[in-house]
1. Sorted by packing (mean other beta-carbon atoms within 10 Å per residue), highest first, where do 296-308, 85-97, 312-324 land?
2. Over the stretch 168-319, what per residue volume does the convex hull of the Cα atoms give, in whole Å³?
3. Add -39500 (n - 2.57) for each DSSP H run of 4 or more in the chain, then divide by its residues: what number comes out at 222 nm, to the nearest 500 deg cm²/dmol?
4. Report the Stokes-Einstein translational diffusion coefficient (µm² s⁻¹, integer) for the stretch 16-120, Rh taken as the Kirkwood radius over Cα pairs, at 25 °C with viscosity 0.890 mPa s.
5. Show D28, D136 ordered by accessible area, largest first, where the area counts protein heavy atoms only and the probe is 1.4 Å.
6. When DSSP beta bridges are limited to those with both residues in the chain, what percentage is antiparallel, rounded to the nearest 5?
7. Once the piece of chain linking Q53 and A352 is laid out straight, how much longer is it, given 0.36 nm per residue of separation minus the C-alpha distance between them?
8. So for the pair T74, V366, with labels modelled 7 Å out along Cα→Cβ, what separation do we get in nm?
Amino acid sequence: MFATRLERARAAMADAGLDVLLLSVGADLPYFCGYEAMPLERLTMLVVPRADQATLVVPGLEAPRVVERPDVFTVRPWAETENPIDIVAGRAGSAAAAAIGDHTWAGFLVDLGAAMPDTTFTRASTITSPIRSVKDAAEIERLRTAGAAVDRIMARLQSGEIRLAGRRENEVAAEIAGQLREEGHDRVNFVIVASGPNAASPHHDAGQRVIQPGEGVLFDIGGTMVGDDGVGYCSDITRCVWVGSHPEREFLEAYAVLHEAQQASVASATVGTPAEAVDHEGRRRITDAGFGSYFVHRTGHGIGVEAHEDPYLVAGNAEPLEPGHAFSIEPGIYVPGRWGARLEDIVVATEAGPRPLNRVDHGLAVVER
């Protein structure tokens, strides 16, 4: 798998006239070689020449964590008294053009620029993103598995199995985080528990506020499941729950608009459709209902080894959807100081039509406790 991915990267490098690919911290590294670097002041970097063997330059004390794959890369541990910048520059050779990982620390880039003065640097994502954004069947299955896990947690919230009324947001968030791990996630990426007026902040940090009867609560949860190959795939889902027996009429009306908009965007996410058209499909319904100014973010983002990656469903992105593109569809309505609501599924574009990976109930759940 990793050898095939690097072959595709080298083909793209040849087309782009790039001599070497340099990958450090971030999701590109595990995606292409199965090793995830710790974000340290000690440099780790995969050096991928266009026509030579790849080398993983890694701190000596981190080398025991590396699963060696001789058909993919050689390992070059460096000692504390060595300069890893010189080692990388030496392995890169006389590269005229290099693509460097978008998440590489700025200090390392500055030092590499000094060590490789004749090299022009560009973003690695120009090479890696088109490869990563199109998922194969095995990757889609891993996204489906992660999605099914968060579906089960969300179903417990919708049924009232997880008590809400009278509890602090951060208390509920901690319980959900524990369930993410119990459901097989190796990392908890985020747990948004936003009650009442806090839900008007799309990325609210769960805090000390006590959840009260007679208000809505927005839940946006996701994590990463890491496979035996060292590569992790993400989950991401949003649903809303009303605490108490009688949801407010305005909230019900807005949620009905949101539900319709989300389903319309999902249905529009067909192969060949521009990403921005999926955004437009749901947004115009929210705007026509009078809530347009309260929909303050893009409709969705790609998902895979990162929670947010290409393609992005936003006005101005005319990129057509391809089979294997996986992305969120998550319109929201946020009324400052009062309430907010969002509805999100992960969807895969296929030749047979859009395939949602989240199946848990989309309706507004009403719980007594």
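The values are calculated or read from the model by the stated rules, or taken from the named source; none is laboratory data. Treat the numbers as computed from the prediction; the structure is a model and nothing was measured. All Cβ positions, even for glycine, are placed from backbone atoms using ideal geometry, and neighbour counts span all protein chains on display. In case anyone asks, the SASA skips ligands and DNA or RNA and just uses the protein heavy atoms, side chains included. Shrake-Rupley method; radii C 1.70, N 1.55, O 1.52, S 1.80 Å.
1. Numbers: 296-308: 21.3, 85-97: 17.8, 312-324: 16.2.
Highest-to-lowest ranking by the protection proxy: 296-308, 85-97, 312-324.
2. Values: hull volume 19.0 nm³, N = 152.
Measuring per residue, one finds 125 Å³ for the Cα hull of the stretch 168-319.
3. On the way: 9 runs with 120 residues, N = 369.
Helix contribution divided over all residues of the chain: -10500 deg cm²/dmol.
4. Details: Rh = 13.6 Å.
Result for D is 180 µm²/s.
5. On the way: D28 20, D136 75 Å².
Result, largest first: D136, D28.
6. Numbers: 44 of 60 bridges.
Looking only at bridges with both residues in the chain, the antiparallel portion is about 75 percent.
7. Numbers: separation 299, 0.36 × 299 = 107.64 nm, distance 3.93 nm.
So the chain would gain 103.7 nm between Q53 and A352.
8. For the pair T74/V366, the computed spacing is 6.9 nm.
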